[in-house]
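Since the structure comes first, as structure tokens, the remarks are kept for the end.
The values are calculated or read from the model by the stated rules, or taken from the named source; none is laboratory data. For clarity, every value in this text was computed on a predicted model and none was experimentally measured. Here the Cβ positions follow ideal geometry from the backbone for every residue, glycine too, while neighbour counts run over all protein chains shown.
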Amino acid sequence: MADTASKLTVSELDFDTIKTNLKNFLGDQNELTDYNFDGSTMSILIDLLAYNTHYNAFYLNMAVNETFLDTASVRNSVVSRAKHLGYTPTSVLGGKAYVDLTIYPTDSPSAITIAKSTQFTSTVNGISYVFSTSGSTSVSVDANGTYTTANVELSQGIPLSHRYTANTNDPDQGFFLPNANTDTSTLVVKVQTSATVTNTYTYSVANDTTTINSTANVYFLEEAENGKYEVLFGDDVTGRKLTSGNIVILTALVADSTDPNGAKVFTATSGVGGYSNVTVSTLSTSSGGAEKDSLTNIKFNAPRSYQAQNRAVTTNDYIRILQRDYTAAESVIAWGGEENDPPVYGKIYIAVKPTSGLALSTSTKNYIKNTILSNRNVVSITPEIQDPDYLYITTTSTVKYDSTQTSNTAATIKSLITNTIYQYGVTNLGLFSNEFRYSPLIKKIDETETAIESSLNTVKLRRTFTPTLNTASSYTLKYSNEIYHPFTNYVGSIDSTQFSHYDDDAILRIACSLQDSNGTMQVYRTSGADKIVVANNVGTVTYASGKIALSNFKPIIITDGTANVSVTVALASSDITPRREQILLISNSDITITMSDTAGTGTDTAVTSTTASGATSGGSSGGGGTGSSY
């Protein structure tokens, strides 16, 4: 046979090309020079060879993909690769709620003990869920003769225990949590000496192997191949080793992930501390329930967790640790105290947006500081957990449409546009560092319905604060974007919701608002079409940096009956960039739409529908946030 090694082609892996290569290879040899490789039974053998080659190539390609974290698609492979980086995927998490309990005993005990795992129920969307107390609480009688305990934590889930007898001679023995919905954050691991010796020791999870010696009572937690979790023990080098006859007791809650979030009415399923007459007052509704780590989350978090090395030194370390250990966080950002305004050295500031609600409760903030971060951050650095700073984008749109090109009414089209704007905010905003881009929103508005011919749109920025009534105080409102101010003595970039305020002659004026006048903040009221200044100087505005500093501001009553004043500014730019802890949102009440029917003429024939926004009053339409697609 001729030397054909130099003619081998191995780069093509699809069936037809492999078959062609085989025929070309056979055609180049000397023994069967007159053989018809297409018209004989040899063609069947070539098909078999091509099929086998293609099958093996596909299998090897898939197998190799599973060996890399970036390309793996099977959960077992992704978990295995993450294990090499020291990352354990988070389990299902049950939500937490906080309640006050008042017990009315039939006798007069000196104290009442509420045991851990005392169960309560709550109904969400017609389905009943079980909540259990996270720890035991002792309640003493107070001065009023009642038994009340405050801020009791309820964790969603049903407590289950599993017992195993250790057999060190069995290399295949494993200690598994058999329920797929086990919340491993509630796991308690105990080891009893034997069936006859009842001494029991509580083991803690091993988070840092550098601090573990041969006698440490620790356990290791891993996700097993079946998607459930396995508890492992030490080898007498890193952690204490089990001995045959030890009884391993695993206790944890089996939770329902996100479904019970929002539960707010709780009822004791049986007695609390031995008494049935109990009043439950909800302090904060259930939140924080979450699904187990998805493949996408594991691929994203595992390398970054490895970078953090289970310690909090840099700001990114704090972010990754919280993303890993507090999965109820939808978005996290951190910054050093030296970057704060004003600077505060020796602190790290962390803002967390929860998956449910807009802010963390005080107890959750303390849990993050004292449980998640306390053993990982540098001793000289104090973490401070802050709420996100929410800014609301207001949109005002005048939309021209041709009623002859659609069967939808003006009200229907307006509703579609409102949903388009709202969904843009849901998809593109709502997280730290998410910027607002004007052009993509306008494009989506114009594409909402084929009958829309054009739109004129204005965007502004609104923020809310809670003033102290009837007390002169100072407030700083940061918009972090340049406020529109085209020329000297321009008035109208800033406006607010209404309140009552004393004028300079100590006369109480109602229906007052804030406005800017060439860098000075004023309180004004309207009389017909005229604006009358009530208080000439209640602060300043820095247009370039987008900051309003109110001083000596003393509202008496908030006109709309709420406790808040909303201040809206026109911006110099149509695009909006939040700063650090700020988050941009769009709410339905901040969307104003006016429909204008051209009826195919290209000019306005009627103003058919207008939506009035809720929280904010007008202001100038002349800022840089105004754009047109006419």
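Does segment 384-397 include one or more residues that are in contact with a strand residue (DSSP E or B) (Cβ under 9 Å, 6 or more places away or on another chain), closer than 22 Å to residue 288 by Cβ and β-branched (Val, Ile, Thr)?
Within segment 384-397, one or more residues are in contact with a strand residue (DSSP E or B) (Cβ under 9 Å, 6 or more places away or on another chain), closer than 22 Å to residue 288 by Cβ and β-branched (Val, Ile, Thr).
For segment 550-624, list the strands (runs of 3 or more DSSP E) that sit wholly inside it and hold at least 2 residues that are closer than 29 Å to residue 450 by Cβ, outside the structural domain of residue 319 (by TED's automatic domain parsing) and modelled with pLDDT under 90; which are they?
Details: elements: 555-558, 565-570, 582-585, 591-597, 606-610.
In segment 550-624, 606-610 are the strands (runs of 3 or more DSSP E) which contain 2 or more residues that are closer than 29 Å to residue 450 by Cβ, outside the structural domain of residue 319 (by TED's automatic domain parsing) and modelled with pLDDT under 90.
Quick one: how many residues across segment 296-321 are surrounded by 17 or more Cβ atoms within 10 Å (Cβ to Cβ) and either touching a helix residue (DSSP H, G or I) at 6+ places or on another chain (Cβ under 7 Å) or among the hydroxyl-bearing types (Ser, Thr, Tyr) (or both)?
Selection size over segment 296-321: 12.
Quick one: residue 268 ticks every box in (1) surrounded by fewer than 18 Cβ atoms within 10 Å (Cβ to Cβ); (2) hydrophobic (A, V, I, L, M, F, W, C); (3) under 26 Å from residue 101 (Cβ atoms) except a single one, so which number is it?
(1)
From the list 446, 530, which residue is without any contact (Cβ under 8 Å) to a residue 12 or more places away in the chain and not basic (Lys, Arg)?
530
I need a count of the residues in segment 422-445 that are more than 19 Å from residue 573 (Cβ to Cβ) and buried (at least 17 other Cβ atoms within 10 Å of the Cβ).
Step one: of segment 422-445, the residues more than 19 Å from residue 573 (Cβ to Cβ) are 422-423, 426-427, 430-432, 444.
With buried (at least 17 other Cβ atoms within 10 Å of the Cβ) added as a condition, the list becomes 430, 432.
The total comes to 2.
Residue 276 fails exactly one of the following numbered conditions: (1) of a type outside the set (A, V, I, L, M, F, W, C); (2) more than 30 Å from residue 106 (Cα to Cα); (3) exposed (fewer than 15 other Cβ atoms within 10 Å of the Cβ). What is the number of that condition?
Single failed check for residue 276: (2).
Pull up segment 212-230, narrow it to residues that are within 19 Å of residue 87 (Cβ to Cβ) and among the hydroxyl-bearing types (Ser, Thr, Tyr), then point me to the one that is farthest from the chain's Cα centre (by Cα).
Here the answer is 219.
In segment 118-140, how many residues are part of a strand (DSSP E or B) and without any contact (Cβ under 8 Å) to a residue 60 or more places away in the chain? Break it down stepwise before answering.
From segment 118-140, those part of a strand (DSSP E or B) are 119-124, 127-133, 137-140; that's our starting set.
Of the ones still in play, those that are also without any contact (Cβ under 8 Å) to a residue 60 or more places away in the chain are 128, 133, 137-138, 140.
Matching residues across segment 118-140 total 5.
Which one of these does residue 121 not meet: (1) among the hydroxyl-bearing types (Ser, Thr, Tyr); (2) surrounded by 18 or more Cβ atoms within 10 Å (Cβ to Cβ); (3) more than 21 Å from residue 292 (Cα to Cα)?
Answer for residue 121: the failing condition is (2).
Being farther than 11 Å from residue 89 by Cβ, at pLDDT 85 or above and under 18 Å from the mean Cα position of the chain (by Cα) is the filter here; which residues of segment 292-315 pass it?
If the condition is that a residue be farther than 11 Å from residue 89 by Cβ, at pLDDT 85 or above and under 18 Å from the mean Cα position of the chain (by Cα), then 296, 300 are the ones that fit.
Please indicate, with yes or no, whether at least one residue in segment 323-336 is in a helix (DSSP H, G or I), of a type outside the set (S, T, N, Q) and without any contact (Cβ under 8 Å) to a residue 40 or more places away in the chain.
For segment 323-336, residues in a helix (DSSP H, G or I), of a type outside the set (S, T, N, Q) and without any contact (Cβ under 8 Å) to a residue 40 or more places away in the chain: absent.
Scan 180, 150 and give me the residue that is loosely packed, with under 15 Cβ neighbours inside 10 Å, touching a Lys or Arg at 6+ places or on another chain (Cβ under 8 Å) and within 30 Å of residue 260 (Cα to Cα).
180
So if I check each of 326, 349, which one is at pLDDT 90 or above and among the aromatic types (Phe, Trp, Tyr)? Don't jump to the end; show me each part of the working.
Values: 326 fails: at pLDDT 90 or above.
Every option except 349 fails the conditions.
Across segment 226-252, which residue is nearest to residue 199 (Cα to Cα) among those that are assigned to a strand (DSSP E or B) and among the hydroxyl-bearing types (Ser, Thr, Tyr)?
Per the criteria, the residue is 251.
Can you pull out every residue in segment 37-85 that is outside any helix (DSSP H, G or I), closer than 15 Å to residue 302 by Cβ and either of a type in the set (A, V, I, L, M) or in contact with a strand residue (DSSP E or B) (Cβ under 7 Å, 6 or more places away or on another chain) (or both)?
Scanning segment 37-85 gives 69, 72, 85.
Output the residues belonging to segment 86-113 that are among the aromatic types (Phe, Trp, Tyr) and under 16 Å from residue 301 (Cβ atoms).
87
Looking at segment 556-572, which of the residues that are surrounded by fewer than 15 Cβ atoms within 10 Å (Cβ to Cβ) and of a type in the set (Gly, Ala, Ser) is nearest to residue 545 (Cα to Cα)?
For segment 556-572, the residue satisfying everything is 563.
So that you can scan it fast, the table gives a plain yes or no per residue for (1) in contact (Cβ under 8 Å) with a residue 12 or more places away in the chain; (2) surrounded by 12 or more Cβ atoms within 10 Å (Cβ to Cβ); (3) not small (Gly, Ala, Ser):
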{"residue": "186", "(1), (2), (3)": "yes, yes, yes"}
{"residue": "195", "(1), (2), (3)": "yes, no, no"}
{"residue": "202", "(1), (2), (3)": "yes, no, yes"}
{"residue": "205", "(1), (2), (3)": "yes, yes, yes"}
{"residue": "222", "(1), (2), (3)": "yes, yes, yes"}
{"residue": "249", "(1), (2), (3)": "yes, yes, yes"}
{"residue": "252", "(1), (2), (3)": "yes, yes, no"}
{"residue": "257", "(1), (2), (3)": "yes, yes, no"}
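Condition (residue is surrounded by fewer than 14 Cβ atoms within 10 Å (Cβ to Cβ) and aliphatic (A, V, I, L, M)) applied to segment 86-103: is it met by at least one residue?
No: segment 86-103 contains no residue that is surrounded by fewer than 14 Cβ atoms within 10 Å (Cβ to Cβ) and aliphatic (A, V, I, L, M).
Sort through 391, 416 and tell me the only one that's hydrophobic (A, V, I, L, M, F, W, C) and crowded, with 19+ Cβ neighbours inside 10 Å.
391
Please work out which residue is surrounded by the most Cβ atoms within 10 Å (Cβ to Cβ), limiting yourself to segment 224-247 and to residues that are of a type in the set (Gly, Ala, Ser) and in contact with a helix residue (DSSP H, G or I) (Cβ under 9 Å, 6 or more places away or on another chain).
Our first condition is that a residue be of a type in the set (Gly, Ala, Ser); within segment 224-247, this holds for 224, 227, 234, 239, 244-245.
Applying the additional criterion that residues be in contact with a helix residue (DSSP H, G or I) (Cβ under 9 Å, 6 or more places away or on another chain) yields 224, 227, 239.
Details: 224: 13, 227: 12, 239: 22.
The qualifying residue surrounded by the most Cβ atoms within 10 Å (Cβ to Cβ) is 239.
Tell me which strands (runs of 3 or more DSSP E) are completely within segment 150-225 and hold 3 or more residues being closer than 30 Å to residue 127 by Cα, or say none if there are none.
Once the strands (runs of 3 or more DSSP E) in segment 150-225 are filtered for at least 3 residues that are closer than 30 Å to residue 127 by Cα, what remains is 158-165, 182-192.
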